[in-house]
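Q: Mind looking over this structure? Questions follow.
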Amino acid sequence: MKICIYGAGAVGGHIAGRFAAGGNDVSLIARGAQLAAIRQNGLRVETQDGVLASRPFATDRPRDLELQDVVVVAVKAPALPALAEHVGALLHQDSLVLFVLNGIPWWYFHSHGGALDGTPLRRLDPEGALEHHVGPDRAVGAVAYTACSVTAPGMIRAENARNRLIIGRPDGRPDQRLDTLASLLTPSGLEVTVTPRIRDAVWSKLVMNLIGGSLGVVTASPMKHVLDKAALAGAAKAMADECAAIARALGCDPPDAAEGLSRLAISSHLQSIVQDLLAGRPMEIDSMFRVPLDLAALAQVPTPTLGLVIELATQRARAAGQYLETNP
């Protein structure tokens, strides 16, 4: 099985290191200092169980690679449309593309069923490039629970003792290729679960990311310094309830928010989207903030608190020059 990791940042590099540790045929699409370091010194992933050192083939030109059986895309959502043609050039008819993303994915309504089945999300794929070059039938959802950082070019640190990846097809059908991927990664220490309800997994992670991310953008603070205020804790609870209402209206089973809010309230971690704001990097405003509101409108779910906080967070990103308005 030929496997390409498209995007060798913290998450992509971590996954690549896990694949390579099992002796799998893995290649990397990288750029800049990360590419130069991997070419010269290989890839080094530091985990709680030891160091995974490998020398995968790395390039910044997808045309250098043969057609791939599986492409794992680990770049941020705003970059996806511009990369769609390059990802598509790596695919044969039966390839799969795993999108390891935060927030609502571009393929969300593919094989969704019901009145919204097939509804395109134009904020995420404005010109239909992903639909055209990749195609929703090749898409696989992937939700990662792994705290990773790039400590130096070519070097990744995985902070968590337990690292998880939940994958599944939008149509919920079983796929032996996904089972094979799970069997390749799980022995390396990345626990992979194949689910027939990948949208449930999307919402399970999104709810807390949306709350912590939006409040973090507005306050530039970790949640332990936000949710200790009664008014803001009440707002976070209202946001969680509204998120759950959207998920249920779309046929999903959202998690109980109480446990997640309790963990969030003691977190000293600055959410990644807040780190992006402070560092001047592109922010995943649409996939994490605005598209959930679009889904609420489609499902006719009122979101007064979510709407207020998300508008404030979006305006903060606009004022910083890190968000350009898109049309739904």
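Q: Where does the charge balance sit around LEU278 when Lys and Arg score +1, Asp and Glu -1, over other residues with C-beta under 15 Å from its C-beta?
A: Details: positive: ARG281, ARG316; negative: ASP276, GLU284.
Cβ neighbours under 15 Å give a net charge of 0.
Q: Now for a separate question. Give me, ordered by chain and number, the residues 5 or more places off ILE156 or on other chains with an amide H under 5 Å from its own placed amide H.
A: Those lying under 5 Å, H to H, from ILE156 are ARG44, VAL45, GLU46, THR151.
Q: Also: Quick check: from the Cα gyration tensor, does region 204-328 come out rounded (a/c under 1.5), prolate or oblate?
A: Details: a/c = 1.81, a/b = 1.08, b/c = 1.67.
Because a/c hits 1.5 or more and a/b fails to exceed b/c, region 204-328 counts as oblate.
Q: Right, another one. Considering the Cα positions of the chain, please state its Rg to one decimal place and its Dmax as a whole number of Å.
A: 19.1, 56
Q: For region 1-156, what is the accessible area per residue in Å², given a 1.4 Å probe and the full set of protein chains?
A: Working: 6490 Å² over 156 residues.
On a per-residue basis, 42 Å².
Q: May I ask you to evaluate 6.51 cos²θ - 1.76 cosθ + 1.60, the Karplus curve with θ = phi - 60°, for each residue of region 219-235 and list the ³J(HN,Hα) values in order in whole Hz, giving x for glycine and proline?
A: 9, 6, 9, x, 5, 5, 9, 10, 7, 7, 9, 4, 5, 6, 5, x, 5
Q: Let me ask something else. Can you give the calculated 222 nm mean residue ellipticity of the chain, where each DSSP H run of n ≥ 4 adds -39,500 (n - 2.57) and the sum is split over every residue, rounded to the nearest 500 deg cm²/dmol? Could you put the intermediate results ahead of the total?
A: Details: 11 runs with 130 residues, N = 328.
Counting only the DSSP helices, I get -12500 deg cm²/dmol.
Q: For the chain, what proportion of DSSP beta bridges, expressed in % and rounded to the nearest 5, is antiparallel?
A: Details: 14 of 43 bridges.
Of the beta bridges lying entirely in the chain, close to 35 percent run antiparallel.
Q: Would you mind counting up the charge near PRO62? Only other residues with Cβ under 12 Å from its Cβ, with Lys and Arg at +1 and Asp and Glu at -1.
A: -1
Q: Here is a follow-up. Under unit Cβ charges (Lys, Arg +1; Asp, Glu -1), what dipole magnitude, rounded to 20 debye, does the chain have relative to its Cα centre?
A: On the way: 30 positive and 32 negative charges, 147 e Å.
Dipole about the Cα centre, nearest 20: 700 debye.
Q: Gap in Å between the Cα centre of region 1-27 and the Cα centre of region 114-178?
A: 15
Q: For LYS229, which lysines qualify as cross-link partners when the Cα separation must be under 27 Å and same-chain residues fewer than eight apart are set aside?
A: Cα-Cα hits under 27 Å: LYS205, LYS237.
Q: Once amide H atoms are placed 1.01 Å from N in the peptide plane, what residues at a sequence separation of 5 or more from LEU28, or on another chain, have their amide H within under 5 Å of its amide H?
A: Hits under the 5 Å cutoff: ILE5, PHE57, ALA58, THR59.
Q: Shifting gears a bit: Can you give the local net charge around ALA257? Use residues other than it whose beta-carbon is closer than 9 angstrom to its beta-carbon, Lys and Arg +1, Asp and Glu -1. Numbers along the way, then the final one.
A: Working: positive: LYS237; negative: ASP241, ASP256, GLU259.
Counting the neighbours of ALA257, the net charge comes to -2.
Q: Would you kindly state how much longer the chain becomes between LEU324 and HIS269 on full extension, computed as 0.36 nm times their sequence separation minus their alpha carbon distance, in nm to one decimal?
A: Working: separation 55, 0.36 × 55 = 19.80 nm, distance 2.67 nm.
Stretched fully, the LEU324-HIS269 segment lengthens by 17.1 nm.
Q: If you roll a 1.4 Å probe over region 178-287 with all protein chains in place, what percent of the accessible area is carbon or sulfur?
A: Working: 2530 of 4540 Å².
Solvent-exposed carbon and sulfur of region 178-287 make up 56 percent of the total.
Q: Output the antiparallel fraction of DSSP beta bridges having both residues in region 82-164, as a percent to the nearest 5. It would help to have the intermediate numbers written out before the result.
A: Numbers: 5 of 9 bridges.
Roughly 55 percent of the beta bridges in region 82-164 run antiparallel, per DSSP.
Q: Same structure again: Could you tell me whether region 73-125 comes out rounded, prolate or oblate from its Cα gyration tensor? Rule is a ≥ b ≥ c as square roots of the eigenvalues, rounded for a/c under 1.5, then prolate if a/b exceeds b/c, otherwise oblate.
A: Oblate.
Q: Order the peptides 288-295, 172-179 from the highest to the lowest mean number of other Cβ atoms within 10 Å of their residues. Before the final figure, lay out each step's value.
A: Values: 288-295: 22.6, 172-179: 13.1.
Going by the mean number of other Cβ atoms within 10 Å, highest first, we get 288-295, 172-179.
The values are calculated or read from the model by the stated rules, or taken from the named source; none is laboratory data. Given the structure is predicted, the values throughout are model-derived calculations rather than measurements. All Cβ positions, even for glycine, are placed from backbone atoms using ideal geometry, and neighbour counts span all protein chains on display. To get the accessible areas, we keep the full protein, side chains included, count just its heavy atoms, and leave off ligands, DNA and RNA. Shrake-Rupley method; radii C 1.70, N 1.55, O 1.52, S 1.80 Å.
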